[in-house]
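The values are calculated or read from the model by the stated rules, or taken from the named source; none is laboratory data. No experiment lies behind these values; they were computed from the predicted model shown. Don't worry about glycine lacking a Cβ; one is built from the backbone with ideal geometry, like all the others, and counts go over all protein chains shown.
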């Protein structure tokens, strides 16, 4: 560090796969971005003390604990980073905010609208005291996605006419894939809808700058029963796939499809925005590129341009490598840490806020309601 | 010709863009395919005598006429090929069948379900006398599409789980594009839905081998007023875009999106079928290729294969060029002529039949009904 | 036809695969292009009378013959179209020009530089009498290629810095593929070099507007022996692959690679031209598209644009279908017929001329000489 | 860490862009890979003490120094990691090996064959004492490249027939790009050839498993003069582009093209290997994918498969994220650290060895010799 910033002491709650991603971001971001505060990886909390200790060692946290309440009560913690399953988000986040800790919480914000609303209320109250909260829709911080948002905001696609959004994965195609907590509604809240549909919704709202105000949709469970790790049959209580149409608050209709049964598609989050002057198209499987169609160019000279989003002028890129050197999945988490730390230092509300997370949750809820009511249009 | 087949005398009704495509097919197909009957391009019929004469000369028809009824009455006509706007299909087709002529009719079969039903009834009646009728969903005969159907039928994708279908064009993006008959519901029946949605629906049903039995959807008109060629304002009475979910008769849900306002997309008819053992994906903008994902290959060695569908083993290809030499849009029409002539010679029902065309029409109608009723599920 | 042009009576010499392509062009071009003269498909000539008769019937020629000399002597023939193997091009073309016939001759112009020079001399002499000759490098007339040439000529890539050209096919990958005349140097002249290398060279010279003046290269035969149709071993006396560097007359270096052993590549003729202001890239396996990189656009907004070359503003397209409807391999031959007929009517030298064909032949010869001399630079 | 490994104390020599990449690898690798020894980031060395201190703080090194000799002499250093410009590699590496330190040295190994040979000799001598050396061709450790090598080694492409290799960048297209040390032969050794050509050569040799034994080629300088940071004209004494043909020790010919003037290509290192049973193709601009053509599949069902190389079965992937989550440029450096540390712990020679680096250097030298001698074939 060229200057000597004061430190920001972080507690990570959770030790699953997302814990690894967040740990990497706390470790790496300060090495590439000039941060106004210096993160310290103070303590990792897990339900099982032994596993938490191992994870803390592996991921570089100074200490570990199996008691998140006591950690939150500590004076020497400034930030609580929540990467637990969705059913515990509300309790931990609200407690942390009440304890005066800044909070970053993985998406989806919660498993229910009620929980999400409580969290958003808590965040708004805490903000009055300078305590800030953010939800972790990291795909906003893929440079190509940020660039897409910028192009739309600059008017490069003109008036938005239509959007098409999808998120296809295939990790549940095999019916022999074992039952996990992600297929249990009581823990996961929902299935493809809440897990990857939440990303699709946030992406659409972020890139267009407009919220979804009503939806018509249907969800389905394609493999209704699986065996758990012990070979016992278990009923899948969440969806595998969701199809819905959403109307943005500017009247634009968007089509949405998300599925974990899209054979051959590994992680294909796509958005296409078509407007009166142009279009943008993005696919997370090609995450360093953005397709841009500029309809103001002469008809015989135009086409979708594949912009390789690794130039120093592109969002977040200057911190990394020379042009043409690709970033990966995890870089979005470092961008998130950087933006979060800057927001804390500046005392400004980071985005996506808990209100943004609540909005996504309300859309998810409306989709489920619409599905249960025969796909009638349901207000968000 | 190696043998000396008897001839098949054809009358073409209509002289728009589709007339050029059909004429090319009647001219070209016999040069590449061994046909059991030899087509003769006897007469072209148009509403305007002068324009019909010019078109006949340009496209190589022996004569021209402005009176389709008298042409249908002639003894020396065996086939009536209808490429007029949809509002006249029913009258001409039914008359031609009644006059004992084989009929090929452009899609969509008609502008309304009632018309389409009358046509299908007429076709079934005529079939009893050996008179055959076919509707012109030519994209079935793009070799890559036929191959897709074959792969699905052979079980190479396993049990179908989901389908995703779209058709994106952008020729109405510019609000200055003038008003034409295609935007007038009384002539065109519907807009993007009937024009390109019909293709999307037929494609889905053809590739999967299953009919759509119910839908939930919405249609919209993005540019509600345009100026006609004389600069007068005219109300667009058809849709620009349709979004719907369709359930196949095997229970599978498909997502559908069609639009003529998809900035930058010129002619992108896409289908993706995901199953338990694999997936296929096709895009008409890359019409000589089929993407195939074989999930039975070892996980570390598999991916979507881009099959270039120009090998002699591929459907229709042996008649054309050596491997690697691409076909274009118009070749599907030659394949259609070849299949139709073979069916006539064999006395067998060609596909897609008028019943197939009626089924598409019923889906279109159900989408409109669902849209008007708040996207509730509507039976086909 | 809107006017009543006088006719242009054509004799086709040859009845192989290229005969089918040329026949299709003579048949189709007048239906789509406004030609100042009306082609008549008068006579097809083949070595074997029976096969010639069959081909004439199949492809729509009014008559057939097995004697090209007598056909050339006829008063009622205006154009001689030569699609025989390369070893007979010189004799037929020179005789036809001497007899006052316009000549179109398939590429490569000849099997040797001496033959090509004699043809070019004959063509120049005939031109003084208004008799015109053209060589059939049809890929110049793929709309995307013509557009590439236009962009370069307009200065859209700026000063050309480098070019990269390749032509990959894989039809000889299987060592069990039988021996044919194309592997016999006495008939074919050369292998991949003369067959597809000729295309690569003409394409480079056409798109850049500059001739190759010297080369350094190597040719190789990867499968030196094959069995003929009777199962007898036969020595392959031509190359399978050629690698060379060519210097254009403006000093620019180009890399060239052509092969018939490029496993998985069906018909991949590619060129990339990089300049101070932009770049173009083309691949014949995606023949309706041109990639264009405009380096004058802001660095954060630019990328290779995939121009779908089917707009009415694009070369040759207005004659065909609406935007977004793809052309195929054979359309270039119709464009060639159209351009040739226009040149004849106007009395202007069509391009590529026999001089252009000779220039390609001289490059091919220089590559062979360089290869035999240890890849030293050899003047063209 | 699950066990308590002994530590491996590392000194990094150099503080340019590659220093950031190596630092990231030393920091990150132990968090994802189970390493038998625990790296400690002990000291960073730079020529300028102030800048070294800043870099050490930024990148997380415990200390800094401006005296590499004293650092090498320290007892508490086990590994020396060299990321300086090429002209100092030999001196530092030989000294470090003589001091009993394991050495990892950035590519190219050296600026001259003599230097490289001295280093390889030193490495072989040190190896007798258990001191190990590796050169940093990290692209070997892009998972898709490792997979390509595996497929070739397993015989999945059959007998290799031909290879095509290129490396295109465009960062020097603008003639206003300022003169830097990379354009000065005395510091950089060579230009595009040594910088990116070295990668192309190592990649070809790694994937095929065969060394290049002779070459014919040409190098050129497209912009021979630039202005330095002070606006003074400076002569570019290195190449911008190199074209060469290389013969592998198994007789296979490869075409090579490398350039820093390839307008629009940001970091496109490509290799295609065509064999009797299949082909592989890779492009670093799409670094998470490998194209594989399996010619043993039925002709009508095969095509290039785009394998997304993010499955747990793929090389290095299990350490990272779930399937479908992309890696970036820098991950190869972590793989390199992991492999290097494992080799040290096992006392086994890591690859690429200094001998491998010497072999690349000898090919580079042969290309330059061939270019100066009129592209005659030159033995490596």
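Would you check if residue B:259 is in contact with a helix residue (DSSP H, G or I) (Cβ under 6 Å, 6 or more places away or on another chain) and surrounded by fewer than 24 Cβ atoms within 10 Å (Cβ to Cβ)? Let's see the steps before the verdict.
Details: in contact with a helix residue (DSSP H, G or I) (Cβ under 6 Å, 6 or more places away or on another chain): yes; surrounded by fewer than 24 Cβ atoms within 10 Å (Cβ to Cβ): no.
So residue B:259 fails the test.
Would you mind finding the one in D:315, D:352 that is in contact with a helix residue (DSSP H, G or I) (Cβ under 7 Å, 6 or more places away or on another chain), closer than 30 Å to residue D:122 by Cα and modelled with pLDDT of 95 or more? Break it down stepwise before answering.
Numbers: D:315 fails: closer than 30 Å to residue D:122 by Cα.
Of D:315, D:352, the one residue that is in contact with a helix residue (DSSP H, G or I) (Cβ under 7 Å, 6 or more places away or on another chain), closer than 30 Å to residue D:122 by Cα and modelled with pLDDT of 95 or more is D:352.
Tally the residues that are part of a loop (DSSP other than H, G, I, E, B) and touching a strand residue (DSSP E or B) at 6+ places or on another chain (Cβ under 6 Å), restricting the search to the range D:195-211.
Going through the range D:195-211, the residues part of a loop (DSSP other than H, G, I, E, B) turn out to be D:209-211.
Add one more test, that the residue is touching a strand residue (DSSP E or B) at 6+ places or on another chain (Cβ under 6 Å), and what stays is D:210.
Total meeting the criteria: 1.
Tell me yes or no: at least one residue of the range B:228-241 is touching a helix residue (DSSP H, G or I) at 6+ places or on another chain (Cβ under 7 Å), buried (at least 19 other Cβ atoms within 10 Å of the Cβ) and within 14 Å of chain C (Cβ to nearest Cβ). Spell out how you get there, then give the answer.
Narrowing the range B:228-241 to residues touching a helix residue (DSSP H, G or I) at 6+ places or on another chain (Cβ under 7 Å): B:236-241.
So of that shortlist, the ones also buried (at least 19 other Cβ atoms within 10 Å of the Cβ) come out as B:236, B:238-241.
Narrowing further to those that are within 14 Å of chain C (Cβ to nearest Cβ): none.
No; the residues of the range B:228-241 include none that is touching a helix residue (DSSP H, G or I) at 6+ places or on another chain (Cβ under 7 Å), buried (at least 19 other Cβ atoms within 10 Å of the Cβ) and within 14 Å of chain C (Cβ to nearest Cβ).
Does the range B:125-137 hold any residues that are surrounded by 15 or more Cβ atoms within 10 Å (Cβ to Cβ) and within 18 Å of residue B:346 (Cβ to Cβ), and which are they? If you could, list the steps in order and put the result at the bottom.
At the first step, the residues of the range B:125-137 found to be surrounded by 15 or more Cβ atoms within 10 Å (Cβ to Cβ) are B:126-127, B:131-137.
Within the range B:125-137, B:126, B:127, B:131, B:132, B:133, B:134 qualify.
Is at least one residue of the range C:364-372 out of contact with any strand residue (DSSP E or B) (no Cβ under 6 Å at 6 or more places or on another chain) and either outside the structural domain of residue C:282 (by TED's automatic domain parsing) or without any contact (Cβ under 8 Å) to a residue 40 or more places away in the chain (or both)?
Residues of the range C:364-372 out of contact with any strand residue (DSSP E or B) (no Cβ under 6 Å at 6 or more places or on another chain): C:364-365, C:368, C:372.
In the following step, the residues that additionally are either outside the structural domain of residue C:282 (by TED's automatic domain parsing) or without any contact (Cβ under 8 Å) to a residue 40 or more places away in the chain (or both) were identified as C:372.
Checked against the condition, which is being out of contact with any strand residue (DSSP E or B) (no Cβ under 6 Å at 6 or more places or on another chain) and either outside the structural domain of residue C:282 (by TED's automatic domain parsing) or without any contact (Cβ under 8 Å) to a residue 40 or more places away in the chain (or both), the range C:364-372 yields at least one hit.
Can you tell me which residues in the range C:23-38 are outside any helix (DSSP H, G or I) and touching a residue at least 40 places away in the same chain (Cβ under 8 Å)? Working first, answer last.
Residues of the range C:23-38 that are outside any helix (DSSP H, G or I), as a first pass: C:33-38.
Passing the criteria: C:33, C:35, C:36, C:37.
Please determine, by comparing only the residues of the range C:276-297 that are without any contact (Cβ under 8 Å) to a residue 40 or more places away in the chain and assigned to a loop (DSSP other than H, G, I, E, B), which one is surrounded by the fewest Cβ atoms within 10 Å (Cβ to Cβ). Show your work before the answer.
In the first step, residues of the range C:276-297 are kept if they are without any contact (Cβ under 8 Å) to a residue 40 or more places away in the chain; the result is C:281, C:283, C:285-286, C:291, C:293, C:296-297.
Of the ones still in play, those that are also assigned to a loop (DSSP other than H, G, I, E, B) are C:296-297.
Working: C:296: 9, C:297: 16.
Step by step, filter the range C:276-297, then rank; the result is C:296.
Pull up the range A:171-189, narrow it to residues that are buried (at least 23 other Cβ atoms within 10 Å of the Cβ) and in contact with a strand residue (DSSP E or B) (Cβ under 8 Å, 6 or more places away or on another chain), then point me to the one that is nearest to the other protein chains (Cβ to nearest Cβ).
Within the range A:171-189, the match that is nearest to the other protein chains (Cβ to nearest Cβ) is A:173.
Within 22 Å of the chain's Cα centre (by Cα) and assigned to a loop (DSSP other than H, G, I, E, B): which single residue out of A:273, A:258, A:238, A:223 fits that description? Before you say what the answer is, go through the steps one by one.
Details: A:273 fails: assigned to a loop (DSSP other than H, G, I, E, B); A:258 fails: assigned to a loop (DSSP other than H, G, I, E, B); A:223 fails: within 22 Å of the chain's Cα centre (by Cα).
Being within 22 Å of the chain's Cα centre (by Cα) and assigned to a loop (DSSP other than H, G, I, E, B) holds for just one of A:273, A:258, A:238, A:223, which is A:238.
In the range B:276-290, which residues are within 9 Å of another protein chain (Cβ to nearest Cβ) and within 17 Å of the chain's Cα centre (by Cα)? Step through it out loud before you land on a result.
First, pick out the residues of the range B:276-290 that are within 9 Å of another protein chain (Cβ to nearest Cβ): B:276-279, B:281, B:284-290.
Once the filter is applied, which keeps residues that are within 9 Å of another protein chain (Cβ to nearest Cβ) and within 17 Å of the chain's Cα centre (by Cα), the range B:276-290 yields B:284, B:285, B:287.
Kindly indicate which of A:209, A:264 is under 30 Å from residue A:296 (Cα atoms), modelled with pLDDT of 95 or more and in the same structural domain as residue A:183 (by TED's automatic domain parsing). Walk me through it before giving the result.
Working: A:264 fails: under 30 Å from residue A:296 (Cα atoms).
Residue meeting the stated conditions: A:209.
Evaluate the following for residue D:198: is it within 20 Å of residue D:16 (Cβ to Cβ), within 14 Å of another protein chain (Cβ to nearest Cβ) and buried (at least 24 other Cβ atoms within 10 Å of the Cβ)?
Values: within 20 Å of residue D:16 (Cβ to Cβ): yes; within 14 Å of another protein chain (Cβ to nearest Cβ): no; buried (at least 24 other Cβ atoms within 10 Å of the Cβ): yes.
For residue D:198, the condition - within 20 Å of residue D:16 (Cβ to Cβ), within 14 Å of another protein chain (Cβ to nearest Cβ) and buried (at least 24 other Cβ atoms within 10 Å of the Cβ) - is not met.
If we keep just the residues of the range B:101-122 that are in contact with a helix residue (DSSP H, G or I) (Cβ under 8 Å, 6 or more places away or on another chain) and farther than 26 Å from residue B:165 by Cβ, which is surrounded by the fewest Cβ atoms within 10 Å (Cβ to Cβ)? Explain how you work it out, then say what you get.
Taking the range B:101-122 as the starting set, the residues that turn out to be in contact with a helix residue (DSSP H, G or I) (Cβ under 8 Å, 6 or more places away or on another chain) are B:101-113, B:115-120, B:122.
Restricting the remaining residues to those that are farther than 26 Å from residue B:165 by Cβ gives B:101-103, B:118, B:122.
On the way: B:101: 25, B:102: 24, B:103: 29, B:118: 18, B:122: 21.
Here the answer is B:118.
Which residue out of D:42, D:65 is over 26 Å from residue D:338 (Cβ atoms) and assigned by TED's automatic domain parsing to the domain that holds residue D:99? Break it down stepwise before answering.
Details: D:42 fails: over 26 Å from residue D:338 (Cβ atoms).
Checking each option against the conditions leaves just D:65.
For the range C:300-316, what are the residues that are part of a loop (DSSP other than H, G, I, E, B) and at the interface with chain D (Cβ under 10 Å from one of its Cβ atoms)? Explain how you work it out, then say what you get.
Looking only at the range C:300-316, we keep the residues that are part of a loop (DSSP other than H, G, I, E, B), and these are C:300-303, C:309-316.
C:302, C:303, listed by residue number.
Could you pull out the residue among B:12, B:44 that is more than 13 Å from chain C (Cβ to nearest Cβ), closer than 20 Å to residue B:101 by Cβ and at pLDDT 95 or above? Let's see the steps before the verdict.
Details: B:44 fails: more than 13 Å from chain C (Cβ to nearest Cβ).
Every option except B:12 fails the conditions.
Which condition from (1) surrounded by fewer than 23 Cβ atoms within 10 Å (Cβ to Cβ); (2) more than 14 Å from chain C (Cβ to nearest Cβ) is the one that residue B:363 breaks?
(1)
Name the single residue that is surrounded by the most Cβ atoms within 10 Å (Cβ to Cβ) among those in the range D:317-333 being in a helix (DSSP H, G or I) and more than 7 Å from chain A (Cβ to nearest Cβ).
Step one: list which residues in the range D:317-333 are in a helix (DSSP H, G or I), which gives D:317-319, D:331-333.
From what's left, more than 7 Å from chain A (Cβ to nearest Cβ): D:317-319, D:332-333.
Working: D:317: 21, D:318: 12, D:319: 15, D:332: 24, D:333: 22.
Among them, the one singled out is D:332.
All but one of (1) part of a helix (DSSP H, G or I); (2) surrounded by fewer than 19 Cβ atoms within 10 Å (Cβ to Cβ); (3) more than 14 Å from chain D (Cβ to nearest Cβ) hold for residue A:341, so report the exception by its number.
Of (1) part of a helix (DSSP H, G or I); (2) surrounded by fewer than 19 Cβ atoms within 10 Å (Cβ to Cβ); (3) more than 14 Å from chain D (Cβ to nearest Cβ), only one is false for residue A:341: (2).
Please go through the range C:146-194 and pick out each residue that is assigned to a helix (DSSP H, G or I), touching a helix residue (DSSP H, G or I) at 6+ places or on another chain (Cβ under 9 Å) and modelled with pLDDT under 95.
Correct list: C:181, C:182, C:186, C:187, C:188, C:194.
Going by the conditions given, is residue C:60 more than 20 Å from residue C:344 (Cα to Cα), at pLDDT 95 or above and buried (at least 23 other Cβ atoms within 10 Å of the Cβ)?
So residue C:60 does not fit the description; no.
Which one of B:312, B:350 is farther than 30 Å from residue B:195 by Cα and not assigned by TED's automatic domain parsing to the domain that holds residue B:26? Break it down stepwise before answering.
Numbers: B:350 fails: farther than 30 Å from residue B:195 by Cα.
The match here is B:312.
Given the residues C:245, C:208, C:221, which is the only one that is away from chain B (no Cβ under 14 Å), buried (at least 24 other Cβ atoms within 10 Å of the Cβ) and without any contact (Cβ under 8 Å) to a residue 40 or more places away in the chain?
On the way: C:208 fails: without any contact (Cβ under 8 Å) to a residue 40 or more places away in the chain; C:221 fails: buried (at least 24 other Cβ atoms within 10 Å of the Cβ).
Going through C:245, C:208, C:221 in turn, just one is away from chain B (no Cβ under 14 Å), buried (at least 24 other Cβ atoms within 10 Å of the Cβ) and without any contact (Cβ under 8 Å) to a residue 40 or more places away in the chain: C:245.
What single numbered condition from (1) out of contact with any helix residue (DSSP H, G or I) (no Cβ under 7 Å at 6 or more places or on another chain); (2) at the interface with another protein chain (Cβ under 7 Å from one of its Cβ atoms) fails to hold for residue D:294?
Every condition holds for residue D:294 apart from (2).
Can you name every residue in the range B:10-22 that is over 23 Å from residue C:38 (Cβ atoms) and not in a strand (DSSP E or B)?
Correct list: B:14, B:16, B:17, B:18.
If you take just the strands (runs of 3 or more DSSP E) that sit entirely in the range B:39-132, which of them hold at least 3 residues that are in contact (Cβ under 8 Å) with a residue 40 or more places away in the chain? Quick ask: steps written out before the conclusion?
On the way: elements: B:63-65, B:79-82, B:102-106.
Result: B:79-82, B:102-106.
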